[in-house]
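Coordinate-derived values only; no laboratory data. Remember, predicted model here, so these are calculated numbers, not experimental data. For neighbour counting, all protein chains shown are included, and Cβ atoms are generated from backbone atoms with ideal geometry for every residue, glycine included.
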Amino acid sequence: MCQHQPPCPPAVSADRESARLVAHHPEQGWSLLCNGVVLFEDTGELLPDGRAIAPHRPVGAGLTTAA
């Protein structure tokens, strides 16, 4: 699947999100990676085998504190 060097991490690896972008559709809220993973704007994922990964935003993302 991946033709460049170094090769992208496979879809089953923990660092699968670091694969190169193949298609990016921000108007629809998703991107396709070289390893076949579809990333969604809400941080959810769809793996090539059909498994869904729930959104996993970091705790406290988007929160600000007043000084």
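Cβ under 12 Å from THR43's Cβ, THR43 left aside: what net charge do those residues give with Lys, Arg +1 and Asp, Glu -1?
Its environment carries a net charge of -3.
Where does the charge balance sit around HIS24 when Lys and Arg score +1, Asp and Glu -1, over other residues with C-beta under 14 Å from its C-beta? Don't skip to the end; give the middle numbers.
Details: positive: ARG20; negative: GLU17, GLU27, GLU41.
Residues near HIS24 contribute -2 overall.
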